[in-house]
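The values are calculated or read from the model by the stated rules, or taken from the named source; none is laboratory data. Computed from a prediction, not measured in an experiment: that's the story for all the values here. As a convention, Cβ positions derive from the backbone with ideal geometry for all residues, glycine included, and neighbour counts pool all protein chains shown. We work out accessible area using only protein heavy atoms, side chains counted, and drop any ligands, DNA or RNA first. Shrake-Rupley method; radii C 1.70, N 1.55, O 1.52, S 1.80 Å.
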Amino acid sequence: MKSEALLNEVLRVLEDKKGHQITALNLQGISLLADYFVICHGNSVPQVQTLASEVRKKAGELGVNIRGIEGYEAARWVLIDLGDVVVHIFHKDEREYYNIERLWSDAKVVELA
């Protein structure tokens, strides 16, 4: 699956499950880690876990290999590595603290439909 198509599927899932302040950063030409970072947050531990579970479920439906999931149990910062797309789902307090959008400020923000 092309990275743009996977990105759109992930964004759709996060929007459907009411992820907050969803941001996608285009890292192509900036980093070898991934083509895109997707960043959002939930307002509670259960919401963060639901967002992560739904992304994982969608990846499975699409046949996308999940390279790793970190932080699910604590649900303060869940990282889901889908290869070309890396998803960061924060608890709202952690998102402000880590502010990874600032760390990757040279990346272009993808306009969401």
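Expressed as a rounded percentage, what relative contact order does segment 35-113 have, with Cα pairs under 8 Å and six or more residues apart?
33 percent
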Calculated [θ] (222 nm, deg cm²/dmol) that DSSP helices of n ≥ 4 give over the chain, each run adding -39,500 (n - 2.57): -11500 deg cm²/dmol
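Run through the DSSP bridge list for the chain and note the antiparallel percent, rounded to the nearest 5.
Among the beta bridges of the chain, antiparallel pairing accounts for roughly 70 percent.
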Counting only protein heavy atoms and using a 1.4 Å probe, what share of the accessible area of segment 18-113 belongs to carbon plus sulfur, as a whole percent? 48 percent
Please calculate how many Å² of accessible area the chain carries per residue, with a 1.4 Å probe and no DNA, RNA or ligand atoms counted. 55 Å²
Within segment 30-113, which trypsin sites (Lys or Arg not before Pro) sit in a loop by DSSP and count at most 12 neighbouring Cβ atoms inside 10 Å? Arg67
Over the chain, with a Gaussian network built from C-alpha contacts below 10 Å, which listed residue (Ile80, Ile30, Ile22) shows the highest mean-square fluctuation? Ile30
The aspartates and glutamates whose Cα lies under 12 Å from the Cα of Lys17, excluding any fewer than 8 residues away in the same chain, are Glu54
DSSP loop GluC sites (Glu not before Pro) with at most 16 other Cβ within 10 Å: longest gap in the chain: 1-72
